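Worksheet for the structure shown next.
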Amino acid sequence: EAGVTQFPSHSVIEKGQTVTLRCDPISGHDNLYWYRRVMGKEIKFLLHFVKESKQDESGMPNNRFLAERTGGTYSTLKVQPAELEDSGVYFCASSQDVGGSGNTIYFGEGSWLTVV
Amino acid sequence: AQSVTQLGSHVSVSEGALVLLRCNYSSSVPPYLFWYVQYPNQGLQLLLKYTTGATLVKGINGFEAEFKKSETSFHLTKPSAHMSDAAEYFCAVLSGGYQKVTFGTGTKLQVIP
């Protein structure tokens, strides 16, 4: 069974440009999460989809970040325009069920973004 | 709000020595706790998790962790370190209505030959 896949694995862009990160969750997982780790700091929550709906987007840093999950399958995270401080690793994760059952959240390999 | 504290951003052990990575959490409700590992240039891999039941949890690669409610701790241990254990380890708690994982700041483990 395929895990959470992310694309691109690495991206180097100039300040002011746009980058779109894609995440394909594990098949059948309704929950999809985006996290990021900036400059070796802690891994921070960005947002959570349940199917195509945004359940919690409290971690989105500002309006330069836009996440979508059309059709409740894959998700994209667009950064426009990118700033230097956006450099870091963006992790996508997915889990099967909602609720306090201690479901495992599976993470992808991450998309490593460098803004120069 | 729930939070996780990992003591020591860097830990060095000799090959064959005991590995102990410390994690303390704060939670107003019974927590679900996790340890994830990130090897260089790779993603996050689940090592083990505690949900309910037995407080000593065994994970992959010989790691285990014990949930101690009285100490609000979930320390990760391995009896004998291997060179391949060199990685960054993250303690995490499931929070926000059990829908959001909150991570600690991570501990980099160095294994010295």
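Before moving on, here are some points about what is shown:
- Qualifying residue in the range A:84-101 (condition: touching a strand residue (DSSP E or B) at 6+ places or on another chain (Cβ under 7 Å), away from chain B (no Cβ under 14 Å) and either surrounded by 14 or more Cβ atoms within 10 Å (Cβ to Cβ) or in a strand (DSSP E or B) (or both)): yes
- Unmet criterion (only one of (1) modelled with pLDDT under 95; (2) outside any loop (DSSP other than H, G, I, E, B)) for B:Leu20: (1)
- Single residue of the range A:15-64 satisfying the filter (touching a helix residue (DSSP H, G or I) at 6+ places or on another chain (Cβ under 7 Å) and among the basic types (Lys, Arg)) that is nearest to the other protein chains (Cβ to nearest Cβ): A:Lys51
- The residue list A:Phe49, A:Phe91, A:Phe45 contains one member that is aromatic (Phe, Trp, Tyr) and over 20 Å from B:Gly104 (Cα atoms), which is A:Phe49.
- Whichever residue in the range A:64-80 is modelled with pLDDT of 95 or more and over 18 Å from A:Gly110 (Cβ atoms) and, among such residues, is surrounded by the most Cβ atoms within 10 Å (Cβ to Cβ): A:Arg69
- Of all the residues in the range B:52-83, those that are modelled with pLDDT of 95 or more, polar (S, T, N, Q) and either more than 12 Å from the chain's Cα centre (by Cα) or part of a helix (DSSP H, G or I) (or both) number 1.
- In the set (1) under 26 Å from B:Gly104 (Cβ atoms); (2) in contact (Cβ under 8 Å) with a residue 12 or more places away in the chain, A:Val12 fails one condition alone, (1).
- Residue in the range B:18-32 that is under 22 Å from A:Gly108 (Cβ atoms) and surrounded by 18 or more Cβ atoms within 10 Å (Cβ to Cβ) present: yes
- Residue ID - nearest to the other protein chains (Cβ to nearest Cβ), chosen from residues in the range B:41-58 that are more than 18 Å from B:Gly104 (Cβ to Cβ) and touching a strand residue (DSSP E or B) at 6+ places or on another chain (Cβ under 7 Å): B:Thr51
The values are calculated or read from the model by the stated rules, or taken from the named source; none is laboratory data. On a predicted model such as this, the values are computed, not experimentally measured, just so you know. Backbone-built Cβ (ideal geometry, glycine too); neighbour counts: all protein chains shown.
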